[in-house]
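Below is one structure, written out as structure tokens, with a few remarks after it.
No lab work stands behind these numbers, since they all come straight from the coordinates. Because the structure is a prediction, the values reported are computed rather than measured. Using ideal geometry, Cβ is built from the backbone for each residue, glycine included, and neighbour counts are taken over all protein chains shown.
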């Protein structure tokens, strides 16, 4: 079995070579799930490093009434929180080189979180960049509120046989790839 770091490096290289931009129709299963589950606060991420591109999804969601989009920010205490953000609002580069909202607003608690994925497996485990921000946030948040949905966004070629996991890793509810939502 490979270590998390070896799997992470392997799949970041694969993602860079095989990356493509998802089309509007790609998000249809996700939009249907949002409607079916009546989710109103959708936490996304701003794409970088050949991650699954969420910009088209921001565009699709911006005209929906009673729905807000959120982005994560990393606080000075090395924790993550989500705040409301629209595609037209400014961004800044955080200490890890990722874009986050430049204007800090009040925290907002999402009821659906779209999670970036370096690799995933059939057991809904995910591998991220290794800092544990999503796992810590979800571990803490899921204890308080059970009806949050977690969906990993990945390309089908990012699937791995079995992601090494620990007790701190949080499994996802769904994975969305170009082949559908699982």
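Normalising by the residue count of the chain, find the relative contact order in percent from Cα pairs under 8 Å and 6+ residues apart. Before the final figure, lay out the partial values.
Numbers: 315 pairs, mean separation 41.3, N = 182.
Once normalised by length, the contact order is 23 percent.
In the calculated pair distance distribution of region 4-181, what percentage of Cα-Cα distances lie above 23 Å? Working shown, then result.
Details: 5914 of 15753 pairs.
For region 4-181, the fraction of Cα-Cα distances above 23 Å is 38 percent.
Highest mean packing first, where packing is the average number of other Cβ atoms within 10 Å per residue, the peptides 11-18, 31-38 line up as 11-18, 31-38.
For the pair residue 77 and residue 37, label points projected 7 Å from Cα toward Cβ lie 2.7 nm apart. Here r is the Cβ-Cβ distance between residue 178 and residue 104 and R0 is 45 Å; the resulting FRET efficiency, rounded to 0.05, is 0.85.
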